[in-house]
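Participant: First the structure, which I've put down as structure tokens, then a few questions once you've had a look.
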Amino acid sequence: MAKEIKTEILIHTSPEKIWTILTKFEDYPNWNPFIKSITGDIKIGNKFRARIEPPNAKGMTFQPKVLVFEKNKEFRWIGHLLFPGLFDGEHRFELLDNGDGTTTFIQSEKFKGILVPLFQKMLDNNTVTGFHAMNQKLKELAENK
């Protein structure tokens with residue numbers, strides 16, 4: 001079973017400015033309503049610690065592995081619930097430079113595994129709401145700095 005969630009928002013600033021906010025992980029607790037913390041050495045192949053707290057759902061801390069960390073463009077990781085194949089999530093932040101002083105920020109996640117159907121309702125409601133809330137806060141921060 002597989003499922004994908006994809007959200008995007010237009011931000012009136014450069015990818016560089018958004019990237020700076022997005023990768024200043026120590027500030028996440030101050031502004032990010034969805035991903036409360038990211039700690040560790042963020043390099044391709046490394047595992048790090050992340051805490052997510054979707055609205056109206058139980059939060060969880062996990063240790064995903066960095067798949068892509070391309071400055072001003074993309075940050076992608078994969079995490080697993082307990083072990084691979086049960087409930088896997090490949091999370092992606094993508095910054096698209098529109099060439100006109102704006103950036104399209106895309107936040108998406110592909111879920112795979114035998115437990116995906118059990119989490120369907122939470123993903124469709126709480127997780128999507130969390131993505132939108134984070135995207136909006138990122139936009140506010142980036143446009144007001």
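The values are calculated or read from the model by the stated rules, or taken from the named source; none is laboratory data. In this text, all values refer to a predicted model and were calculated from it rather than measured experimentally. Ideal geometry is used to build each Cβ from the backbone, glycine not excepted, and the neighbour counts take in all protein chains shown.
Participant: Please go through segment 1-41 and give me each residue that is closer than 21 Å to residue 103 by Cα, in a helix (DSSP H, G or I) and touching a strand residue (DSSP E or B) at 6+ places or on another chain (Cβ under 7 Å), ordered by number.
Facilitator: Across segment 1-41, the qualifying residues are 15, 18, 19, 22, 25, 28.
Participant: I would also like to ask the following. From the list 111, 119, pick out the single residue that is over 16 Å from the mean Cα position of the chain (by Cα) and either surrounded by fewer than 21 Cβ atoms within 10 Å (Cβ to Cβ) or at pLDDT 95 or above (or both).
Facilitator: Matching residue, one of 111, 119: 119.
Participant: Which of the residues that make up segment 81-108 are surrounded by fewer than 17 Cβ atoms within 10 Å (Cβ to Cβ) and touching a Pro at 6+ places or on another chain (Cβ under 8 Å)?
Facilitator: Across segment 81-108, the qualifying residues are 96, 97.
Participant: Okay, next question. For residue 6, work out the one condition from (1) charged (D, E, K, R); (2) within 17 Å of residue 109 (Cα to Cα); (3) surrounded by 14 or more Cβ atoms within 10 Å (Cβ to Cβ) it doesn't fulfil.
Facilitator: Only one criterion in (1) charged (D, E, K, R); (2) within 17 Å of residue 109 (Cα to Cα); (3) surrounded by 14 or more Cβ atoms within 10 Å (Cβ to Cβ) is unmet by residue 6, namely (3).
Participant: I need every pair where a residue in segment 105-121 that is within 30 Å of residue 15 (Cβ to Cβ) has its Cβ under 6 Å from the Cβ of a residue that is of a type in the set (Gly, Ala, Ser) and in a strand (DSSP E or B), sequence separation at least 6 or different chains.
Facilitator: Here the result reads 109/89; 111/89; 112/2, each pair linking segment 105-121 to a residue that is of a type in the set (Gly, Ala, Ser) and in a strand (DSSP E or B).
Participant: Now, a different point. Tell me yes or no: at least one residue of segment 42-62 is in contact (Cβ under 8 Å) with a residue 12 or more places away in the chain, on the phi > 0 side of the Ramachandran plot and small (Gly, Ala, Ser).
Facilitator: yes
Listed here are the residues, each with its yes/no results for (1) under 13 Å from the mean Cα position of the chain (by Cα); (2) among the charged types (D, E, K, R).
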| position | (1), (2) |
| --- | --- |
| 48 | no, no |
| 58 | no, yes |
| 61 | no, no |
| 81 | no, no |
| 87 | no, no |
| 107 | yes, no |
| 129 | yes, no |
| 132 | yes, no |
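Participant: Within segment 68-83, is there a residue that is over 17 Å from residue 28 (Cβ atoms), touching a residue at least 60 places away in the same chain (Cβ under 8 Å) and in contact with a helix residue (DSSP H, G or I) (Cβ under 6 Å, 6 or more places away or on another chain)?
Facilitator: No; the residues of segment 68-83 include none that is over 17 Å from residue 28 (Cβ atoms), touching a residue at least 60 places away in the same chain (Cβ under 8 Å) and in contact with a helix residue (DSSP H, G or I) (Cβ under 6 Å, 6 or more places away or on another chain).
Participant: Can residue 67 be described as hydrophobic (A, V, I, L, M, F, W, C), surrounded by fewer than 18 Cβ atoms within 10 Å (Cβ to Cβ) and more than 15 Å from the chain's Cα centre (by Cα)?
Facilitator: no
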